[in-house]
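Enquirer: The structure that follows is given in the form of structure tokens.
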Amino acid sequence: MFVLVEMVDTVRIPPWQFERKLNDSIAEELNKKLANKVVYSVGLCICLFDITKLEDAYVFPGDGASHTKVHFRYVVFHPFLDEILIGKIKGCSPEGVHESLQQPAKFDDAEQVWVWEYETEEGAHDLYMDTGEELRFRVVDESFVDTSPTGPSAAGAASSGEELPKKEAPYTLVGSISEPGLGLLSWWTSS
């Protein structure tokens, strides 16, 4: 579920942070930049694990900040295929059950970051599931969508009154509840 990913980035430290320890300033800047963000083909970044190497710092003309190339390891949420996870149902539709995940954190704005879809042998629309119920599922697929800005054409469409494309989640997991022990947790509790 959680993996350590080795990354490299150039970190800008503003001049007012020069009085602090360099590692503390770099750790703060990396967490500001990456925490709770989806990195394409990597997963959801959680927090900095450690800094493995610092290269020389440079100050560029016209910018009083230092720029340091940093090698570090980051804790990332990236479940493997066939892993069993638990989440809460946000809603049902004929396409599947959309859910927010309770781990690694509870997301209030989960639809912008995560969309959880579930397929069953009968189809999700044939099942009765209440919003807020907990559901156990097996991860069967994942997909990443590049959500980086597209450029002036998208901005021009907004100003000219054309309909903008639907905002997609950058990271989607597809799960299955069609096996014994999976599905609503209330199905499996003894009464």
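The values are calculated or read from the model by the stated rules, or taken from the named source; none is laboratory data. Predicted, not measured: the structure shown is a model, and the values here were computed from it. Cβ coordinates were reconstructed from backbone atoms using ideal geometry, including for glycine residues, and neighbour counts include every protein chain displayed. The area values use the complete protein model at the heavy-atom level, side chains included, leaving out ligands, DNA and RNA. Shrake-Rupley method; radii C 1.70, N 1.55, O 1.52, S 1.80 Å.
Enquirer: Wholly within the stretch 1-89, which strands (runs of 3 or more DSSP E) include no fewer than the required count, namely at least 2 residues that are closer than 30 Å to GLU134 by Cα and in contact with a helix residue (DSSP H, G or I) (Cβ under 7 Å, 6 or more places away or on another chain)?
Expert: Values: elements: 2-13, 43-59, 66-77.
Fully inside the stretch 1-89 and qualifying: 43-59.
Enquirer: Just one of ASP108, ASP146 is over 14 Å from LEU85 (Cα atoms), modelled with pLDDT of 75 or more, under 18 Å from the mean Cα position of the chain (by Cα) and part of a loop (DSSP other than H, G, I, E, B); which is it? Can you show your working first?
Expert: Details: ASP108 fails: modelled with pLDDT of 75 or more.
Going through ASP108, ASP146 in turn, just one is over 14 Å from LEU85 (Cα atoms), modelled with pLDDT of 75 or more, under 18 Å from the mean Cα position of the chain (by Cα) and part of a loop (DSSP other than H, G, I, E, B): ASP146.
Enquirer: OK, next. GLY151: at positive phi and modelled with pLDDT under 70, yes or no?
Expert: Details: at positive phi: yes; modelled with pLDDT under 70: no.
Here the answer is no, as GLY151 does not meet what is asked.
Enquirer: Where residues in the stretch 1-52 are touching a strand residue (DSSP E or B) at 6+ places or on another chain (Cβ under 7 Å) and aromatic (Phe, Trp, Tyr), which of them is least open to solvent (accessible area, probe 1.4 Å)?
Expert: PHE2
Enquirer: Additional query: Restricting the stretch 53-79 to residues that are in contact with a Lys or Arg (Cβ under 7 Å, 6 or more places away or on another chain) and within 17 Å of GLN17 (Cα to Cα), which is least open to solvent (accessible area, probe 1.4 Å)? Outline the logic, then answer.
Expert: Filtering the stretch 53-79 down to residues in contact with a Lys or Arg (Cβ under 7 Å, 6 or more places away or on another chain) leaves 55, 65, 67, 71.
The next check asks that each one be within 17 Å of GLN17 (Cα to Cα); those that pass are 65, 67.
On the way: ALA65: 0, HIS67: 30 Å².
Looking at the filtered set, the residue picked out is ALA65.
Enquirer: Quick one: what pairs do we get from the stretch 12-28, first residue at negative phi, second acidic (Asp, Glu) and outside any helix (DSSP H, G or I), C-beta under 7 Å, 6+ apart or different chains?
Expert: Taking only residues 6 or more apart or on different chains, not a single pair turns up.
Enquirer: Are any of the residues in the stretch 87-104 open to solvent by 50 Å² or more (accessible area, probe 1.4 Å), among the acidic types (Asp, Glu) and at pLDDT 95 or above?
Expert: No, the stretch 87-104 has no match at all.
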